[in-house]
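Asker: I have a structure I would like to understand better, so I am pasting it below and will then ask my questions one at a time.
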Amino acid sequence: MTSPAVKLWQMEDIWDQVLECCAKGDLARVARVSKSMHSLALDHLYRSITTLEPILQFLGPADGPSIFKHTMGGLLFTSNQGLEAANWDRFIPYANRVRNLQYDETKLGAYLRLHDNTFQEIGSTCPTRSLFPSLLTSTLVWRGPPSRGRFSILFMSEKLLRFEVDCDAEFARYFLRSVPRVSPNLETVILHCLKSTTSTETDLVALIRGLPLLKFIYLPFQLLSSRTFATLSEHPQIQTIHQYSTQVNPENEPLIEGASYRLELSAAKFTRLQSLKIAVDLPSLSDWLKSDLMPSTLFVLHVRLRTTTTHTHLRNCFDLISKALPDLVELTFDLYSHNRTVSGHATDIVADTFSPLLRLNSLTTFVFDHPDAVLLADTEVETMVKAWPNLRNLSLGVSSVCTDDQCDLTLGILVMIAECCPGLRSLSMNINTKLPSSKEPSGVQAFTYHSFKLNVGHSPILDTKAVASFLCQILPPSGELTFCKEAAWTGNTLNHLQTIFAMRQGRWKETKAWLKPLTEARISERERMKQILSSMASDLALARHETERLRKLLESASL
């Protein structure tokens, strides 16, 4: 019969959860506790690695000195004899435990990176094609001579599911076409590639076609060309396409010479697309929304418009979205990233612009950004929030810079939103705290999500302590208040707006400083009131008990 103690040691699933919470040093000590724990602890110790030197030490004797010497060119093997079969026999049992790798040369000094000669020795003698045969995720950040890119295949495997690489185009040409051959089962590709060329685009198209299981792809602005997009639109498994910017101002990003960037969305043939994040012009987007090729699977749409537009065109586009994608869960409409020049005037965008979107009952995230002020009233925003019962994240024009008379929202909107969506996780908008609040906090209704974040952008502010006093009644104790700390507009921004921004920034810093002690004082007062109420309840219970005792005595006396 197995004793309870032995049964406990055999419960690997429980120990897995315990060891998942242990630090590296603790795992190393647990590995020396017993034979039954040795293997399990080592699995956790080497499951995820962020540096290569410690695990590569197993290529040398277990009780010997370091096999590396530090040079200005990087880590070199101390021995000139080369790696033999015995070296790899010691290393492979540990290498097989590695599931997640991050090798970032930007975080390593030149003397801590592996020398080219070290890579060549490993690549030429490794008995397995991959250095870590069971690797599932790999993140590589290459710096130095571009020829180092050819060593990327050492950090792939046939089992690899997620591959992320940060390098320039010269690095990428050494390995991009080899990816499907080495890791044919990849599902996620994240590529950060500067200075891309036509050759990079061609290699990327070949990579996409060579990965039949590819589902998620994240590409820089210049690599999501018409050619790349057309290839992705016909891929049988693609679920996510995210295009991101490598520059603060996307309009300044260098494009591939000769490449076309007009995304023919109306000709796309996606069948499983769930999430799309792209920069596009409004006519192309509208044509796609009108077509019969809209994937019913699309739940997340993030659009960065290349030019600003008017109320009429925007409302028409929102109307098309609500009809073509009625089950949309997340919608972002960004007119700011590509258009950072502030005009100094409010837009003609009004509540009616957003009215078609009120039909999207499943919406959990809505983000709308614009360089200029959007005039909305408290009740109009409240109507929007009430239409989205599942809302978790809301952002309305938080990047815009407005004068005092270009912002109509008051602090009362926070109370209204807290009443409609107490579980909201983040809220970003400009609020004119100089205006009288349309609704005062009741002390009962407040945001309940413990990590709630409120971003007030460039909101007008005057009385910092009064604003902090209001916010401490709305925000949860561990909530976070943020504001725009840097001016991200272009050089054409009006000088008087820059002056306004600097003044508001200082006042919001002061408000944030007030918020913590006021919140602590409010919590302390709440606890004191709880204690008073508890004491009063105890006294009331004693009084009732005494009354009951006296009643019984009177009844006994009357008998």
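Asker: Take the stretch 506-520 and flag every residue that is open to solvent by less than 60 Å² (accessible area, probe 1.4 Å), at pLDDT 90 or above and in contact with a Cys (Cβ under 9 Å, 6 or more places away or on another chain).
Answerer: W508
Asker: Sticking with this structure for a sec: One residue is enough: does the stretch 359-378 have a residue meeting the conditions farther than 23 Å from S437 by Cα, surrounded by fewer than 18 Cβ atoms within 10 Å (Cβ to Cβ) and among the small types (G, A, S)?
Answerer: yes
Asker: Here's something else I'd like to know. Scanning for something within 19 Å of F132 (Cα to Cα), part of a helix (DSSP H, G or I) and at pLDDT 85 or above, does the stretch 26-44 turn up at least one residue?
Answerer: no
Asker: Let me ask another. Of the conditions (1) open to solvent by less than 20 Å² (accessible area, probe 1.4 Å); (2) more than 27 Å from T197 (Cα to Cα); (3) of a type in the set (G, A, S); (4) not in a helix (DSSP H, G or I), A279 fails just one. Which one is it?
Answerer: Of everything listed in (1) open to solvent by less than 20 Å² (accessible area, probe 1.4 Å); (2) more than 27 Å from T197 (Cα to Cα); (3) of a type in the set (G, A, S); (4) not in a helix (DSSP H, G or I), A279 misses just condition (2).
Asker: Name, by its number, the condition in (1) open to solvent by 10 Å² or more (accessible area, probe 1.4 Å); (2) closer than 24 Å to F77 by Cα; (3) in a loop (DSSP other than H, G, I, E, B); (4) without any contact (Cβ under 8 Å) to a residue 40 or more places away in the chain that does not hold for E158.
Answerer: The single condition E158 does not satisfy is (2).
Asker: Is it the case that the stretch 388-397 has a residue that's out of contact with any helix residue (DSSP H, G or I) (no Cβ under 8 Å at 6 or more places or on another chain), at pLDDT below 95 and open to solvent by less than 30 Å² (accessible area, probe 1.4 Å)?
Answerer: Among the residues of the stretch 388-397, at least one is out of contact with any helix residue (DSSP H, G or I) (no Cβ under 8 Å at 6 or more places or on another chain), at pLDDT below 95 and open to solvent by less than 30 Å² (accessible area, probe 1.4 Å), which makes the answer yes.
Asker: Note down all Cβ pairs under 7 Å where the first residue falls in the stretch 434-459 and is assigned to a loop (DSSP other than H, G, I, E, B), the second is surrounded by fewer than 18 Cβ atoms within 10 Å (Cβ to Cβ) and charged (D, E, K, R), and they're at least six residues apart or on different chains.
Answerer: K434/D404; Q445/E419; Y449/R425; F452/R425
Asker: Conditions first: (1) crowded, with 17+ Cβ neighbours inside 10 Å; (2) out of contact with any strand residue (DSSP E or B) (no Cβ under 6 Å at 6 or more places or on another chain). D348 passes all but one, so which condition is the exception?
Answerer: The number of the failed condition is (1).
For every residue, the table says whether it meets (1) open to solvent by less than 40 Å² (accessible area, probe 1.4 Å); (2) under 18 Å from T50 (Cα atoms); (3) at pLDDT 90 or above.
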{"residue": "W88", "(1), (2), (3)": "yes, no, yes"}
{"residue": "F91", "(1), (2), (3)": "yes, yes, yes"}
{"residue": "Y94", "(1), (2), (3)": "no, yes, yes"}
{"residue": "V98", "(1), (2), (3)": "yes, yes, yes"}
{"residue": "Y103", "(1), (2), (3)": "yes, yes, yes"}
{"residue": "L108", "(1), (2), (3)": "yes, yes, no"}
{"residue": "L114", "(1), (2), (3)": "yes, yes, no"}
{"residue": "L136", "(1), (2), (3)": "no, yes, yes"}
{"residue": "G144", "(1), (2), (3)": "no, no, no"}
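Asker: Please specify each residue of the stretch 431-446 satisfying the condition of being within 20 Å of F483 (Cβ to Cβ) and either open to solvent by 50 Å² or more (accessible area, probe 1.4 Å) or in contact with a strand residue (DSSP E or B) (Cβ under 8 Å, 6 or more places away or on another chain) (or both).
Answerer: K434, L435
The values are calculated or read from the model by the stated rules, or taken from the named source; none is laboratory data. Owing to the predicted nature of the structure, the values given are computational and were not obtained by experimental measurement. Reconstructed Cβ throughout: ideal geometry from the backbone, glycine too, with neighbour counts over all protein chains shown. SASA here: full protein model, heavy atoms, side chains in, ligands and nucleic acids out. Shrake-Rupley method; radii C 1.70, N 1.55, O 1.52, S 1.80 Å.
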